[in-house]
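Notes for the one structure printed next.
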Amino acid sequence: MNTGVDLARLEEADAPIRSLMPEPRRVERIERAVSTAPNGPLRGLVFGVKDIFHVDGLPTTAGSTLPVEELAGPEAAAVSLLRSAGAIVLGKTVSTEFALFEPGPTRNPRNLAHTPGGSSSGSAAAVAAGHCPLALGSQTIGSVIRPAAFCGVVGYKPSYGRISTAGMIPLAESFDTVGLLASSVSWVERAAAVLCAWWRRGGVNHAPRLGIPDGPYLEQASEEALRVLHGFAATRVPLLEDVETLNAAHWRLLRFEMARHHARWFPRFADRYRPRTAGAIREGLAIADDDAAQIRAGRANVRARIHEAMDASEVDVWLCPAAAGPAPEGWESTGAPWMQLPWTHAGLPVVTLPWGTAANGLPLGLQLVARFMDDERLLAWAARLEDSMPAGMPRP
């Protein structure tokens, strides 16, 4: 079986990027897996796995220095499904610490002086570097779509709940979503058909009616990022006028839920957490249960408001920048998540495509957002749009 991966040069190729977690005898493990992979729809596909997902035989660190035996657990459902379809684990990919803000060592393959984004930094970089055509990531604010945009690859965050999060170390269960980073929409579609519950096969027979969410939400993006919207025949619709309130509520509930999950570890290992992670947990401990419950209940209202605006304006897909701008220089920050946050809060399906480059030569991303559970049509429309991707875009 030809996996399409140059295993002999893998470690050398990844040395400047550092997208993969160290693994002794990686090549031998992959070669054994190749010889025993079942005949499924993904036979021969090699995929990366963000280091918050458990994989049998590989340790999980979640980008932290906590004892690996504390973090161990059964293999993630998403990993097992891909393997049962014939896919082969390339290895663990670097995650920010517990999928929050403290970055790992990964560099952006498009320019090593810039961040690859977070928290699925290693997954995005591994795909962009050509190590694998597909990788698992997760999104709790913007951790699939932003690194995909920064690294110039395809990113997919499905509707909330469509891919099982079992076997994944949680960040905030109200928002945690398993996502995919890939070299093409085709790979996303093939993997989504295996991973997504209630998957409905079939294409689309009409072009989507496009809308642009006008107002304070869109004003969070730079003029350079907004260039991705040029040339589209789209209806501008006022939306998310309360985005600052929404941003604050999302971050508040995330900290609350993160603090409750880490209650098993933080009292014993607080000195092993990095400053921003520890600070978020301590802030979360001070948030009241009633406050969190109110925010949690409000997610459905946000989704309903977005759906109502789509119905009233006859919009199938929202178009917006995938990030506020290209990947920032440096590695201390993984970039701002505000362009991704409302869609995660509402649980809507999102795809980002590489769509042109910034003045510094780094990729810009175009974000497509559809109604809840309309993943199949969204991916079909994204595949059509991918065919008209701007010329000169760097490919993995």
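The values are calculated or read from the model by the stated rules, or taken from the named source; none is laboratory data. Values in this document were obtained by computation on a predicted structure and should not be read as measured data. Cβ coordinates were reconstructed from backbone atoms using ideal geometry, including for glycine residues, and neighbour counts include every protein chain displayed. Surface areas here come from the heavy atoms of the whole protein model, side chains and all, with no ligands, DNA or RNA. Shrake-Rupley method; radii C 1.70, N 1.55, O 1.52, S 1.80 Å.
Which one of these is touching a helix residue (DSSP H, G or I) at 6+ places or on another chain (Cβ under 9 Å) and part of a strand (DSSP E or B): S159, S164, S174, S138?
S138
Kindly provide the set of residues from the stretch 223-238 that are open to solvent by 30 Å² or more (accessible area, probe 1.4 Å) and among the β-branched types (V, I, T), ordered by number. Residue satisfying the conditions is T235 alone.
Under the condition of being within 11 Å of M258 (Cβ to Cβ) and over 26 Å from the mean Cα position of the chain (by Cα), which residue from the stretch 275-291 is surrounded by the fewest Cβ atoms within 10 Å (Cβ to Cβ)? The selected residue is L285. Of the residues making up the stretch 31-88, those that are touching a helix residue (DSSP H, G or I) at 6+ places or on another chain (Cβ under 7 Å) and on the phi > 0 side of the Ramachandran plot are A62, G63. Of all the listed residues (L42, L112, L58), the sole one being out of contact with any Cys (no Cβ under 9 Å at 6 or more places or on another chain), closer than 26 Å to V194 by Cβ and either open to solvent by 10 Å² or more (accessible area, probe 1.4 Å) or free of Cβ contacts under 8 Å to residues at least 24 places away in the same chain (or both) is L58.
Could you please let me know if V5 is at pLDDT below 95, touching a helix residue (DSSP H, G or I) at 6+ places or on another chain (Cβ under 9 Å) and either open to solvent by less than 60 Å² (accessible area, probe 1.4 Å) or not in a helix (DSSP H, G or I) (or both)? Yes: the conditions hold for V5. Scanning the stretch 337-366 for residues that are aliphatic (A, V, I, L, M) and farther than 16 Å from A128 by Cβ gives M339, L341, A346, L348, V350, V351, A359, L366. Filtering G48, G40, G44 for residues that are closer than 17 Å to L134 by Cβ and either at pLDDT below 95 or β-branched (V, I, T) (or both) leaves a single hit, G44. Counting only residues that are in contact with a helix residue (DSSP H, G or I) (Cβ under 8 Å, 6 or more places away or on another chain) and open to solvent by less than 70 Å² (accessible area, probe 1.4 Å), how many does the stretch 187-202 have? Selection size over the stretch 187-202: 9.
A quick yes/no check of all residues on (1) aliphatic (A, V, I, L, M); (2) touching a Gly at 6+ places or on another chain (Cβ under 6 Å):
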residue	(1), (2)
R255	no, yes
F269	no, no
D289	no, no
A293	yes, no
V302	yes, no
D311	no, no
V317	yes, no
P328	no, yes
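The number of residues in the stretch 203-214 being closer than 23 Å to H230 by Cβ and either surrounded by 15 or more Cβ atoms within 10 Å (Cβ to Cβ) or among the hydroxyl-bearing types (S, T, Y) (or both) comes to 6.
Results for (1) under 18 Å from the mean Cα position of the chain (by Cα); (2) open to solvent by 10 Å² or more (accessible area, probe 1.4 Å); (3) at pLDDT 95 or above; (4) within 30 Å of R274 (Cα to Cα), shown as yes or no for each residue.
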position	(1), (2), (3), (4)
I295	no, yes, yes, yes
R305	no, yes, yes, no
A327	yes, no, yes, yes
M339	yes, no, yes, yes
A346	yes, no, yes, yes
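Taking each residue of the stretch 382-394 that is modelled with pLDDT of 95 or more and looking for partners that are surrounded by fewer than 15 Cβ atoms within 10 Å (Cβ to Cβ) with beta-carbon atoms closer than 7 Å, six or more apart or interchain, yields A383/S186.
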